[in-house]
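Trainee: I'd like to ask you about the structure that follows.
The values are calculated or read from the model by the stated rules, or taken from the named source; none is laboratory data. All of these numbers come straight from a predicted model, not from anything done at the bench. Note that we place each Cβ from the backbone using ideal geometry, even for glycine, and neighbour counts take in every protein chain shown.
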């Protein structure tokens with residue numbers, strides 16, 4: 001009797017819980033079968049709830065991943081020497097301040113490298129102008145103990161530029177391969193350093209000028225960029241009417257009469273320019289300071305209208 005009562009209470013409980021149909025009463029075998037089925041159903045329901053919860057959680061994670069920018073959409077940061085350093089690389093190709101107007105009739109090919117924009121003259125086989133933005137961060141990296149070493153890089157032809165000179169074409173000419181964008185400013189990154197050694201960035205330059213007073217000017221620009229946080233730097237040749245030629249058969253690489261360097265500090269609203277003849281030029285840099293307008297007059301190039309064209313006081317920069 002006690003056994004029957006236990007079975008009865010179990011059946012009633014399971015009927016009320018929905019585990020057994022109401023018509024099944026009193027048979028212990030049937031009760032056992034339905035009890036097993038009930039447990040199986042409960043496990044299945046529990047498993048389905050977990051599955052739905054897991055699916056929902058997965059979708060939520062996927063949604064969050066979509067909202068977060070992927071690594072490929074973020075700015076690539078270089079790593080140099082022993083220390084990994086991050087920096088925002090100025091986008092030279094989209095920086096409107098670096099756009100330079102080239103006179104009509106002058107051969108020109110724009111080449112956007114990682115850190116410099118070259119306006120290359122395929123006819124003269126030298127650049128018309130090389131422009132780049134130099135930031136304080138880039139200067140700090142270039143001056144760090146683990147910066148890229150110049151001795152690890154060689155002058156090279158840019159195979160993507162048909163008229164680019166070969167390294168050997170300068171040999172025996174009496175002129176240096178003069179960087180328009182100096183290696184000193186590019187030591188912060190391997191790619192920047194390698195690309196500034198392309199011959200598209202070179203002009204035949206008097207060796208003494210290149211090693212002495214032109215280098216002094218480049219060192220000052222380097223320091224000024226660090227102080228002013230960023231500088232737009234434009235460098236190139238000033239050509240005579242009948243330039244001397246060097247290179248293969250001594251007639252296909254033009255030798256400039258002089259060189260210009262234009263500097264613009266957009267945050268300070270300052271601009272200045274310098275012109276050095278392509279020969280030894282002793283004396284203080286103030287001797288060679290000119291206005292941006294003077295460079296435009298002598299080259300035919302036009303620089304950004306944002307920069308002041310009539311300033312030339314070196315004391316505003318020192």
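Trainee: Keeping to the range 112-129, report how many residues are over 15 Å from residue 239 (Cβ atoms) and in contact (Cβ under 8 Å) with a residue 60 or more places away in the chain. Talk me through it step by step, then tell me what you get.
Mentor: Going residue by residue through the range 112-129, those that are over 15 Å from residue 239 (Cβ atoms) are 112-118.
After this cut, where a residue has to be in contact (Cβ under 8 Å) with a residue 60 or more places away in the chain as well, the list is 113-116, 118.
Qualifying residue count for the region: 5.
Trainee: Is it fair to say residue 225 is in contact (Cβ under 8 Å) with a residue 24 or more places away in the chain, in the same structural domain as residue 290 (by TED's automatic domain parsing), crowded, with 21+ Cβ neighbours inside 10 Å and over 25 Å from the mean Cα position of the chain (by Cα)? Explain how you work it out, then say what you get.
Mentor: Values: in contact (Cβ under 8 Å) with a residue 24 or more places away in the chain: yes; in the same structural domain as residue 290 (by TED's automatic domain parsing): yes; crowded, with 21+ Cβ neighbours inside 10 Å: yes; over 25 Å from the mean Cα position of the chain (by Cα): no.
The answer is no for residue 225.
Trainee: Test each condition in (1) farther than 17 Å from residue 309 by Cβ; (2) surrounded by fewer than 19 Cβ atoms within 10 Å (Cβ to Cβ); (3) modelled with pLDDT of 95 or more for residue 246 and report the one that comes out false.
Mentor: Answer for residue 246: the failing condition is (2).
Trainee: Tally the residues that are surrounded by 15 or more Cβ atoms within 10 Å (Cβ to Cβ) and in contact with a strand residue (DSSP E or B) (Cβ under 9 Å, 6 or more places away or on another chain), restricting the search to the range 102-115. Don't jump to the end; show me each part of the working.
Mentor: Step one: list which residues in the range 102-115 are surrounded by 15 or more Cβ atoms within 10 Å (Cβ to Cβ), which gives 102, 106, 108-109, 111, 113-115.
Narrowing further to those that are in contact with a strand residue (DSSP E or B) (Cβ under 9 Å, 6 or more places away or on another chain): 102, 106, 108-109, 111, 113, 115.
So the answer is 7.
Trainee: Scan the range 267-293 for residues that are over 20 Å from residue 99 (Cβ atoms) and part of a helix (DSSP H, G or I) and report the count.
Mentor: Step one: of the range 267-293, the residues over 20 Å from residue 99 (Cβ atoms) are 268, 274-290.
Remaining after also requiring part of a helix (DSSP H, G or I): 285-288.
Number of matching residues: 4.
Trainee: Criterion first (assigned by TED's automatic domain parsing to the domain that holds residue 120 and over 18 Å from residue 206 (Cβ atoms)) does residue 259 satisfy it?
Mentor: Working: assigned by TED's automatic domain parsing to the domain that holds residue 120: yes; over 18 Å from residue 206 (Cβ atoms): no.
No.
Trainee: Could I ask something else about it? When the range 299-318 is examined, which residues are found to be outside any loop (DSSP other than H, G, I, E, B) and closer than 21 Å to residue 213 by Cα?
Mentor: Of all residues in the range 299-318, those outside any loop (DSSP other than H, G, I, E, B) come to 299, 302, 314-316.
Passing the criteria: 314, 315, 316.
Trainee: Return a yes/no flag: does the range 189-203 have any residue that is surrounded by fewer than 20 Cβ atoms within 10 Å (Cβ to Cβ) and either over 22 Å from residue 132 (Cα atoms) or over 27 Å from the mean Cα position of the chain (by Cα) (or both).
Mentor: The answer is no, given that none of the residues of the range 189-203 is surrounded by fewer than 20 Cβ atoms within 10 Å (Cβ to Cβ) and either over 22 Å from residue 132 (Cα atoms) or over 27 Å from the mean Cα position of the chain (by Cα) (or both).
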